[in-house]
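Engineer: I am attaching a structure below and will ask some questions about it afterwards.
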């Protein structure tokens, strides 16, 4: 039964992209800034992986540290937010700022989870970070 379901799901995944059109707004950055942004996003993805790993082993303080230093408001200077934000569409910049704010809020929530032992609030806060990632990647693209 599982094998049949797997085949149907994989078949569907192969068909759907050919029908879907990409309606995201293409944002044209100068090549060096584009590469900088893509590098930042790859680091964001790695940070999310490190955060979820740390949550899984109940290293809440480490998850909070990674979130704040690599994704939170504290990370904006290291990501070049001041010069990147100037040429982004306003909506893209707002989503990015909301992601950084959500990551800082997650860091606080993760530290609280260390005290009360609750992963539910930590994962709910982390979901708010990832919600911003999904919003941006659903609305914008930087290459064809």
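Engineer: Could you please find all residues in region 6-46 being in contact with a helix residue (DSSP H, G or I) (Cβ under 7 Å, 6 or more places away or on another chain), assigned to a helix (DSSP H, G or I) and at pLDDT 95 or above?
Structural biologist: 43, 44
Engineer: Provide a single number: the residues in region 115-126 that are loosely packed, with under 12 Cβ neighbours inside 10 Å and within 14 Å of the chain's Cα centre (by Cα). Break it down into steps so the answer makes sense when it comes.
Structural biologist: So the first thing to find is which residues in region 115-126 are loosely packed, with under 12 Cβ neighbours inside 10 Å, and the list is 115-117, 120.
Cutting the leftovers down to within 14 Å of the chain's Cα centre (by Cα) gives us none.
So the count comes out to 0.
Engineer: Take the conditions more than 14 Å from residue 44 (Cβ to Cβ), assigned to a helix (DSSP H, G or I) and at pLDDT 95 or above and apply them to residue 91. Does it pass?
Structural biologist: Numbers: more than 14 Å from residue 44 (Cβ to Cβ): yes; assigned to a helix (DSSP H, G or I): yes; at pLDDT 95 or above: yes.
The answer is yes for residue 91.
Engineer: Hey, another quick one. Out of 131, 111, 86, which single residue is in a helix (DSSP H, G or I), out of contact with any strand residue (DSSP E or B) (no Cβ under 9 Å at 6 or more places or on another chain), touching a residue at least 12 places away in the same chain (Cβ under 8 Å) and surrounded by fewer than 16 Cβ atoms within 10 Å (Cβ to Cβ)?
Structural biologist: On the way: 111 fails: surrounded by fewer than 16 Cβ atoms within 10 Å (Cβ to Cβ); 86 fails: touching a residue at least 12 places away in the same chain (Cβ under 8 Å).
Checking each option against the conditions leaves just 131.
The values are calculated or read from the model by the stated rules, or taken from the named source; none is laboratory data. What you are looking at is a predicted structure, and each value in this text was computed from that prediction instead of being measured. FYI the Cβ positions are ideal-geometry reconstructions off the backbone, even for glycines, and counts take in every protein chain you see.
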